[in-house]
Every structure is written in C-alpha cells, then in structure tokens.
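Comments concern the structure below.
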Amino acid sequence: MTIYIIRRLLQAVPVLFLSSVVVFLIIHLIPGDPAVIMLGFEATPERVEALRTQMGLNKSLAEQYLIWLSHVIRGDLGLSYINDFPVLDLILFKAPATVELALAAIAVTLIISFPGGILCALKHRSWIDYFGSSFTAISLAVPTFWLGVLLILLFSIKLHWLPATGRAVLLSDPWEAMRHLALPAITLGVALSAVLMRYVRSSVLEVVNQDFIRTARAKGLPTALITYRHVLKNALIPVVTAFGLQFGTLLGGSVVTEAVFDWPGVGNLILYSIIQKDYTVVQGAILLYLIIFIFINLITDIIYAFLDPRIRYG
C-alpha cells in the first residue's frame, strides 16, 4: 500500500506542473494590460511602461512563468493589483466561508444520494424508482444558478422563511448561520446529488443481481443485513471514484452559488476579481482550486485501492 501511495504522489507532480502552466497561460493570454488597469486609461505611456518593467511584464512569458513558479513554490502568490494585499492572505481570509459551504453541500449530497440511490435500486421499477429517476433528470436539467434563484423566490421572498443573501458566523450565532447556509448548501448539494444518486443506483442494482446475493437471500438472511454487509461494500467502489470526480463540480458550482447568494467565499472573490481584472488573485485562486482537486482525487484513489486491493497491483 505504501508503494502505491508513493507512486500516486509521484504521478501527481507532473499533473500539478502542467496545471500551473495552463493556469498561467490562460490568465496571461486574456486581453488587457494589468499596468493600464492599475494606472487607469489616462496614464501616460511612460508611466505604463515603467510599471510594466516594475511588474516584470516586459519579460518573455517563459521568464515570467519561472519567476511566478519560484514564488508559488515558496508560498507567495503575489499581490492583488487592486488593493496590494497578498493574494494568499485574501484567499485564506475567504476560505472558511467556502469550506463551510462545501461541507454543508457534501452533507446534503450524501443525505440525498446514498439513501435515494439504494432505495431506488432495491425498489427497482416501482414508483419510488420512477420518482428518483425523475428527480435526478430534473436536477441535471436545471442549471445551478436558476435553482438558486427559484429557492430564493420561494423560501425568501414568498414564504420569508430563510434569508436570501449573506452569511452569519457559525460560532457566534449557530441558528442564524444555519439559516443563511441552508439555501446555498441545498442549491449546490442538489446539483451534486443527482449525478451521485445515479451512480449509487446503478452500482447497487448491478450488485443485487449477482449470484452471491441470491445465495444470501436463499439462506434466509434479512434484507437489511444483506444490503449492509454484502451490497454496500461491493457497490461502494465505483461510487467513491464518482464522488471524487464530482468534487470538481463542487468547486466550479461554488463560484456560481456564492455569486447568487452573495456568499463571502473564494468563489465570490474569483468572480469579483474577474470583473475587476485582478489577474493575480484569479490566477492564485484557480491554482489553489486545482491543487485541492488533485489532492482530493489522490485521496479518492487511495480509498479506492483500500477498498479493492487488486488496484494496488494493477
């Protein structure tokens, strides 16, 4: 197992390197001169050129990348073009709100997808299965931002049950924090649960039709015991992989969801920075998102190998 983990860690290094190249190139190929953005369009060409030299923008892209990469390795993501704050400090300041939203959305996802998928598979071709299939189809068809707007219209404007925007600190006012968190977490969680519920349903459905499950039933074992001991253990392997891949959707969806609900997290910071053309913040935040995504997939692979030992020797 140790050799497998070391091999996967080594494989992650070139992925991280290529990701950093892509992030750097995408940001630097966007039209617009950061020096002009900082000084304003009324600035003289001499001032713009002086600032470009100071920021290192007059160097080739390869030189700029190597300088940026050397700073990133040391934990320095640069300064914001707008307010001169260190980018890493800005992201860390916003990160707790995003982590809070992500954990709540994962909880909503697990609460909906696992019981729903298992129940649909065990009650195959019943009204429960048809209801679950309809739920996943509608959830996949509805865009995240539109679902958020619909929830705001119903629960905030029509019923006045939950606040539409903002965030309360969990430790100082837990009840108010949960009320603010409910709508964005449900919006993000429903989008993720639709895909995961399909994986759980199809995976459980495949296992319950195996011969060893029929043998267990013939021996008179209770359905709950068969489901817990035999079905879930075997059905969990592809679901773990799907859950790891869905984490990318969670990160991407958090940007849209935070914007809809004015949630003060990293996603909202990225959107605000794109509007302000604060490229260093966008670059740093996307790079950290990619690192987190790669790390989560690494953890997923390790769990996968733990559940199925054949993977370690593949």
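The values are calculated or read from the model by the stated rules, or taken from the named source; none is laboratory data. All figures in this text were calculated on a predicted structure; none of them were measured in a lab. Neighbour counts run over all protein chains shown; Cβ positions are idealised from the backbone, glycine included. We work out accessible area using only protein heavy atoms, side chains counted, and drop any ligands, DNA or RNA first. Shrake-Rupley method; radii C 1.70, N 1.55, O 1.52, S 1.80 Å.
Rolling a 1.4 angstrom probe over the protein heavy atoms, how many square angstrom per residue are accessible across the chain?
Per residue, the chain has 56 Å² of solvent-accessible surface.
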- Item | segment 73-85 - phi-based ³J(HN,Hα) in whole Hz, Karplus 6.51/-1.76/1.60, Gly and Pro as x | 4, 8, x, 10, 9, x, 10, 5, 5, 7, 10, 6, 6
- Task: Counting only C-alpha contacts under 8 Å and six or more residues apart, can you give the relative contact order of the chain as a whole percent?
- Result: 25 percent
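Quantify, in whole percent, the carbon and sulfur part of the accessible surface of segment 24-150 (1.4 Å probe; protein heavy atoms only).
Values: 5430 of 7680 Å².
Whole-percent figure for carbon plus sulfur exposure: 71.
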- Any chance you could look up the accessible area of residue 160 with a 1.4 Å probe, heavy atoms only, rounded to 10 Å²? 140 Å²
- Item | Heavy atoms of residue 119 accessible to a 1.4 Å probe, total area in Å² rounded to 10 | 80 Å²
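Please state the charge dipole magnitude for segment 57-202, taken about the Cα centre, from unit charges on C-beta atoms (+1 on K and R, -1 on D and E), reported in debye and rounded to the nearest 20.
That gives segment 57-202 a dipole magnitude of about 620 debye.
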- Query: So for segment 199-262, taking the charge dipole from beta-carbon charges (+1 Lys/Arg, -1 Asp/Glu), which of 200, 256, 212 sits furthest toward the positive end?
  - Reply: 212
- Message: Just want the answer: with Cβ charges of +1 for Lys and Arg and -1 for Asp and Glu, which residue in 159, 144, 223 is farthest toward the dipole's positive end in segment 127-233?
- Response: 223
- Task: Rounding to the nearest 20 debye, state how big the charge dipole of the chain is about its Cα centre with +1 on each Lys and Arg Cβ and -1 on each Asp and Glu Cβ.
- Result: 1640 debye
- Task: Report ³J(HN,Hα) in whole Hz for each residue of segment 116-124, in order, from the Karplus equation J = 6.51 cos²θ - 1.76 cosθ + 1.60 where θ = phi - 60°; Gly and Pro get x.
- Result: x, x, 5, 5, 4, 6, 5, 10, 4
- Note on the structure: Asserting the computed 222 nm helical MRE of the chain (DSSP H runs at least 4 long, -39500 (n - 2.57) per run, divided by residue count, to nearest 500) equals -25000 deg cm²/dmol
- Query: Any idea of residue 133's accessible area? Nearest 10 Å², probe 1.4 Å.
  - Reply: 40 Å²
- Task: Identify which of the listed values of Cα Rg over 2.2 N^0.38 Å was calculated from the structure shown: (1) 1.22; (2) 1.37; (3) 1.30.
- Result: (1)
- Message: I want to check the label-to-label distance for residue 212 and residue 303. Put each point 7 Å from Cα in the C-beta direction and report it in nm to one decimal.
- Response: 2.1 nm
- Which residues' amide hydrogens lie under 5 Å from the amide hydrogen of residue 79, considering only partners 5 or more residues apart or on another chain, with H built in the peptide plane? 87
- For segment 66-145, whose charge dipole is built from +1 on Lys and Arg Cβ atoms and -1 on Asp and Glu Cβ atoms, the candidate among 109, 70, 134 with its Cα farthest towards the positive end is 134
- On the accessible surface of segment 183-266, probed at 1.4 Å, how many percent belong to carbon and sulfur atoms? 60 percent
- Query: So what J values fall out for segment 272-280 if you push phi through Karplus, 6.51 cos²θ - 1.76 cosθ + 1.60 with θ = phi - 60°, rounded to Hz, Gly and Pro as x?
  - Reply: 4, 5, 5, 4, 7, 6, 8, 5, 5
